[in-house]
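Working notes, beginning with the structure itself.
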Amino acid sequence: MLLKDKVAIITGGAGINGLGFATARQMAAQGARVAILDLERADPAGAAARLGEGHLGLVADVTDKASCEAAAAAVLKAFGRIDALVNNAGITQPVKTLEISGADYDRILDVSLRGTLYMSQAALPAMRAQGSGAIVCISSVSAQRGGGIFGGPHYSAAKAGVLGLARAMAREFGTEGIRINCVTPGLIETDITQGKLTPERKLEISQTIPLARLGRADDVAGACVFLASDLAAYCTGVTLDVNGGMLIH
Ligand SMILES: NC(=O)c1ccc[n+]([C@@H]2O[C@H](COP(=O)([O-])OP(=O)(O)OC[C@H]3O[C@@H](n4cnc5c(N)ncnc54)[C@H](O)[C@@H]3O)[C@@H](O)[C@H]2O)c1
């Protein structure tokens with residue numbers, strides 16, 4: 001098992017059809033004790049219970065520093081260490097540049113970018129004390145190609161910010177045995193995309209993707225497991241594309 005006896009935190013992991021929950025499920029299957037963090041309305045405790053015994057679900061808002069610190073403390077109290085953190089929480093909004101209000105900008109950047117910073121800040125002291133740890137940040141193909149299919153420019157900016165933040169943290173914490181990497185998913189079928197694409201539009205998009213299909217949550221989860229595991233022991237500052245070839249660069 002790739003994550004035997006490791007403790008993993010996944011933010012925004014309670015949506016049963018989401019990338020976070022698929023990652024939680026695969027990490028648990030690889031032997032990790034998993035803490036799912038999410039907003040109260042998403043029922044993180046219920047999601048953790050679906051993983052079986054010995055996992056934890058915590059209400060945490062990644063835009064709130066105190067909430068992130070309280071969640072990290074609760075994980076340490078329950079499991080005694082933090083080996084992996086997946087910064088997965090994110091929201092999107094399909095608007096154009098001239099329609100983005102200040103409030104929209106704050107909302108979208110706060111969850112993906114501020115949330116990645118705050119949750120990393122909450123987990124890093126424990127990783128530093130252990131002398132080991134792996135952080136995986138979920139960015140997006142939207143950051144690389146200037147827009148995906150759904151996200152507005154502020155979403156692209158937030159996800160591009162995540163790439164910069166993760167790379168800078170990778171440089172800062174490498175000597176302490178802490179690896180920090182990004183995953184850039186392409187178009188993955190989850191609740192974010194649910195109901196927004198007609199079967200015709202899906203087919204049309206699939207025809208532009210070398211692997212000829214939209215992504216599945218488990219496609220992204222596998223990349224997160226790899227980056228969190230010792231198989232990726234010499235990878236830091238990496239951006240791992242999981243996009244079916246939608247963007248090859
Ligand atoms: N689905 C895609 O095609 C796709 C592509 C590229 C990147 N992504 C990114 O992958 C991540 C997961 O997306 P998904 O498609 O699984 O969507 P999702 O909506 O299923 O998951 C997002 C989760 O984040 C949680 N969340 C929102 N605000 C939060 C906050 N303030 N604090 C804690 N949790 C919060 C939500 O409750 C939800 O469970 C996101 O960062 C998204 O931007 C998705």
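The values are calculated or read from the model by the stated rules, or taken from the named source; none is laboratory data. Everything numeric in this text was worked out from a predicted model, so none of it was measured. Reconstructed Cβ throughout: ideal geometry from the backbone, glycine too, with neighbour counts over all protein chains shown. We work out accessible area using only protein heavy atoms, side chains counted, and drop any ligands, DNA or RNA first. Shrake-Rupley method; radii C 1.70, N 1.55, O 1.52, S 1.80 Å.
A few notes on this one:
- Each part gets one Cα centre, and for region 227-249 versus region 1-65 those centres are 21 Å apart.
- Lysines with Cα under 28 Å of LYS77, excluding same-chain neighbours fewer than 8 positions away: LYS4, LYS6, LYS65
- Averaged per residue, region 180-249 has 53 square angstrom of accessible surface, using a 1.4 angstrom probe with ligands and nucleic acids left out.
- Distance distribution P(r), region 65-155, all Cα-Cα pairs, bin width 5 angstrom from 0: 3, 14, 20, 20, 14, 11, 10, 7, 2, 0 percent.
- Accessible-area value, ARG128, 1.4 Å probe, nucleic acids and ligands omitted, Å²: 120 Å²
- Counting only the Cα atoms, the chain fills a convex hull of 120 Å³ per residue.
- The stretch between ALA129 and VAL95, if pulled fully straight at 0.36 nm per residue, gains 7.9 nm over its current Cα-Cα span.
- Net length gained if the chain between ARG41 and ASN17 were fully extended (0.36 nm per residue, minus Cα distance): 7.1 nm
- Charge dipole magnitude, Cβ of K and R +1, D and E -1 - the chain, Cα centre, debye nearest 20: 320 debye
- Just the protein heavy atoms count here, and of the accessible area of region 37-123 at 1.4 Å, carbon and sulfur take up 52 percent.
- Only helices enter the 222 nm calculation for the chain: every DSSP H run of n ≥ 4 contributes -39,500 (n - 2.57), and dividing by all residues gives -12500 deg cm²/dmol, rounded to 500.
- The long axis of helix 65-79 is offset from the longest Cα principal axis of the chain by roughly 50 degrees.
- Accessible-area ranking of HIS154, HIS55, largest first, probe 1.4 Å: HIS55, HIS154
- Across region 1-126, C-alpha contacts under 8 Å between residues 6 or more apart give a mean separation that, scaled by the residue count, equals a relative contact order of 26 percent.
- Estimated FRET transfer efficiency when R0 is 45 angstrom, pair ALA168-GLU200 (beta carbons, to 0.05): 0.60
- Three-way shape call for region 34-80 based on the alpha-carbon gyration tensor, with the a/c threshold at 1.5: oblate
- Cα gyration tensor shape of region 192-249, rounded if a/c is under 1.5, else prolate or oblate by comparing a/b with b/c: prolate
- Cα long-axis angle, helix 115-130 against the chain (0 to 90 degrees, to the nearest 10): 30 degrees
- Relative contact order of the chain, pairs being alpha-carbon contacts under 8 Å that are 6 or more residues apart, as %: 20 percent
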